[in-house]
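Only one structure is covered here, and it is reproduced in the block below.
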Amino acid sequence: MTELSGIARERGIRNFLIAYTDLFGVLRAKLVPARAIDGMARDGAGFAGFATWLDMTPADPDMLALPDPTTLIQLPWKPEVGWMAADLWMSGAPVEQAPRNVLRRLIVKAAEQGLEMRTGVEPEFFLIQPSGQAIADAADRQPKPCYDQLTLMRRYDVITEICDAMEALGWEPYQNDHEDANGQYEMNWAYASALVTADRHVFFKYMVRTIAERHGLRATFMPKPFADLTGSGCHVHVSLWKNGENIFLGDSELGLSAAAHQFLGGVMSHAEALCALTNPTVNSYKRLNAPLTVSGATWSPNAVSWGGNNRTHMIRVPAPGRLEYRLADGAANPYLLQAALLAAGLDGLAKARDPGPPLDLNMSAAKPHAAGSRPLPLNLLDALRAFEASALLRDALGPSFAAAYIGLKRQAWESYMRHLTQWELDTTLDC
């Protein structure tokens, strides 16, 4: 393989970002000059794990981030910098709690069965004022702004710069739109293997924020930044492949195979526990189970249910041969999002889990227990308890990862519970 220093000379790269995400999805990196990159590629860049959201102490040895050269991206807005996703190692072994390593382990497990999960994501985001207090476009005031051409074109420069970058990177972007909330957008690119999609998802979030800043704006993937507006989801389209064929394709009424039903059954079976990973913040639960917004809908699930081409379900079947998981939100760590779905789906295949019949209901108008469906967790603590109670998911994702993740997320919950809100003062001060 060509040394990275040689690639740097060929492409005019002066510096490399060696990057990883911690358990909370925060992107961490070191900037390495091109003359030093071959040593870093061989030995890894050193990081103190305790200084990021990983369950470590200051006494732990350095983590070494080994860059994956196949992920190399020249920053479209600063091509003298190359970005690479890295795998974390410590004391000669992979760091078990590192999100990219968690996903890699599950990909290997699937590959041992000849299976490959391919996915596409639909990350929604808001363009807001730098202060974070309001959307950036004061003229974006329609009660139903979804697909509005006028507001989309007012942000033409930002959206097309991001889209052109994806085009140059070979991601095959195919559509961009204004979403259901004022100030909210979604951009889509082609599906790929789960690890490639996760790496691109990580970089996409960084790229959107950076390009927004270059235009004097701020981008947020926060699930529910405005109480009266639709929250930001991150829908995942999933298919499973074997020997180059999509084994989710079948001759059922919705075009799904038995394998697709079993995979779906696994995701349905573990839905409450999955929330801890795909809806990982206190704020996530202000998107789920939410009251109607100014547009008249929430576009987020309120129960564990599935159906055909019906956007009110947790899982939709938009076309033969694939599933759309609509539960996840913008705060999900891209690697853990993929890993969670793969772990649950593989369990569904192993146990031939039955998802039950699809529901032909408007779940937004139905009660959460409609037709035997289960309600989703009401808050992060409920989701963490469900994850903690799931021996299957804890083992599949890794006991070390599960303990670290649950521990840090419980700290986040406890921090939230210590916070005194204005609502409490308004409603309880004179009790």
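Structure data summary
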quantity	calculated
Per residue Cα convex hull volume in Å³ - calculated over the range 311-430	165 Å³
Alpha-carbon centroids, the range 344-372 and the range 261-275: separation in whole Å	8 Å
Accessible area (Å², per residue) of the chain, counting only protein heavy atoms and a probe of 1.4 Å	44 Å²
Radius of gyration, Dmax [the range 66-121; alpha carbons; angstrom]	14.3, 42
The range 18-64 - Kirkwood radius from inverse mean 1/r over Cα pairs (Å)	11.5 Å
Diffusion coefficient, µm² s⁻¹, Stokes-Einstein with Kirkwood Rh over alpha-carbon pairs of the chain at 20 °C and 1.002 mPa s	95 µm²/s
Cβ-defined net charge surrounding A41, 11 Å radius [Lys, Arg +1; Asp, Glu -1]	-3
Cα point-scatterer Debye curve for the range 1-44, base-10 log of I(q)/I(0) at q = 0.16, 0.20, 0.34 Å⁻¹	-0.46, -0.64, -1.18
Tensor-based shape of the range 1-123 (alpha-carbon gyration tensor, a/c under 1.5 rounded, otherwise prolate or oblate)	oblate
Euclidean distance of C-alpha centroids, the range 1-46 and the range 82-101, integer Å	13 Å
Three principal axis lengths of the range 140-217 [C-alpha, angstrom, descending]	38, 24, 17
Positive minus negative residues near G308 (Lys, Arg vs Asp, Glu; Cβ under 9 Å)	-1
Cβ-Cβ FRET estimate between H215 and E253, R0 fixed at 56 Å, reported to 0.05	0.75
The range 263-376: Rg to Rh, with Rh as the Kirkwood radius over Cα pairs	0.94
Spherically averaged projected area of the range 210-299 from its Cα convex hull (nm²)	9.4 nm²
Quarter of Cα convex hull surface for the range 93-172, i.e. mean projection, nm²	9.6 nm²
Volume in Å³ per residue [convex hull over Cα atoms, computed for the range 180-338]	114 Å³
Using θ = phi - 60° and Karplus 6.51 cos²θ - 1.76 cosθ + 1.60, couplings along the range 266-277 (whole Hz; Gly, Pro as x)	x, 5, 4, 4, 9, 4, 5, 5, 4, 4, 4, 9
Length added when fully stretched, E10-K109, from 0.36 nm per residue minus Cα-Cα	31.9 nm
The range 293-341 - Rg (one decimal) and Dmax (whole number), Cα, Å	12.0, 34
Calculated log₁₀ intensity ratio I(q)/I(0) where the Debye formula runs over C-alpha points of the range 77-218, q = 0.12 Å⁻¹	-0.61
Positive-end residue, the chain charge dipole about Cα centroid, Cβ charges, pick of L292, Q262, M56	M56
Spin-label pair T427/S91, simplified geometry with 7 Å Cα→Cβ offset, distance in nm	4.8 nm
Point-charge dipole on Cβ atoms (K/R +1, D/E -1) for the chain, about Cα centre, debye to 20	260 debye
Percentage of interatomic Cα-Cα distances in the range 362-431 larger than 13 Å	75 percent
Most fluctuating residue given options F50, F204, F126, as computed from a GNM of the chain linking Cα atoms under 10 Å	F50
Net charge over other residues, Cβ less than 9 angstrom from the Cβ of G231 (K, R count +1; D, E count -1)	+1
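The values are calculated or read from the model by the stated rules, or taken from the named source; none is laboratory data. Bear in mind the structure is a predicted one, so any value in this text is a computation, not a measurement. Note: ideal-geometry Cβ built from the backbone for every residue, glycine included; neighbour counts use all protein chains shown. SASA here: full protein model, heavy atoms, side chains in, ligands and nucleic acids out. Shrake-Rupley method; radii C 1.70, N 1.55, O 1.52, S 1.80 Å.
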